[in-house]
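Undergrad: What follows is a single structure, and I will ask about it in a moment.
The values are calculated or read from the model by the stated rules, or taken from the named source; none is laboratory data. Remember, predicted model here, so these are calculated numbers, not experimental data. So basically every Cβ, Gly included, is an ideal-geometry build from the backbone, and we count neighbours across all protein chains shown.
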Amino acid sequence: MDDFVGMKIVQDLKEKVSNDNIMLVEAESVPEDHLVEILVFEPSHVLFIDAAILNLQPGATKFESVEFLKSFSPFSTHMLPLRVFCEHLQKATDADVRLLLIEPRLTDFGEGLSAEIEGTRREIASILAEILTRSS
């Protein structure tokens, strides 16, 4: 359910942003499957958008560096813990790797985003689309 918010934002951006200097990846729970593709692209910046239980209000966001992940338990819905992947990516590319984390409301199995997360999704997708099209 709300854990899908990052994927939905990337899907929204793919409809609005077309630029050879921007790579949008729907990584789901296995971003490491896209490692070679990302390394070949040689990014200067990487932004991961993901749901994370942060004990905030549903839909609240945090923009953090990879260092922030050190305060979390290694448990993750990702095959490889996101912290390990981000640290490796940062070293391999020298990119500025950041995280945009969104507090979910519903983490059960199912389809569709809760109302709070849907609103956050629309807002973030709109802001990012404006930024990314401006940098085109």
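Undergrad: Here are some conditions: (1) more than 19 Å from LEU128 (Cβ to Cβ); (2) in a helix (DSSP H, G or I); (3) under 14 Å from the mean Cα position of the chain (by Cα). ASP12 meets all but one. Which one does it not meet?
TA: Status for ASP12: all satisfied but (1).
Undergrad: Would a scan of the stretch 56-68 turn up a residue that is at pLDDT below 85 and surrounded by 15 or more Cβ atoms within 10 Å (Cβ to Cβ)?
TA: yes
Undergrad: Of all strands (runs of 3 or more DSSP E) completely enclosed by the stretch 22-134, which ones contain at least 3 residues that are more than 15 Å from VAL10 (Cβ to Cβ) and among the basic types (Lys, Arg)?
TA: none
Undergrad: Scan the stretch 3-55 residue by residue and report those that are surrounded by 13 or more Cβ atoms within 10 Å (Cβ to Cβ), touching a residue at least 40 places away in the same chain (Cβ under 8 Å) and among the polar types (S, T, N, Q).
TA: Residue satisfying the conditions is SER29 alone.
Undergrad: With respect to HIS88, determine if the residue is modelled with pLDDT under 95, touching a strand residue (DSSP E or B) at 6+ places or on another chain (Cβ under 6 Å) and of a type outside the set (Asp, Glu).
TA: Taking the combined requirement at face value, the residue does not satisfy it.
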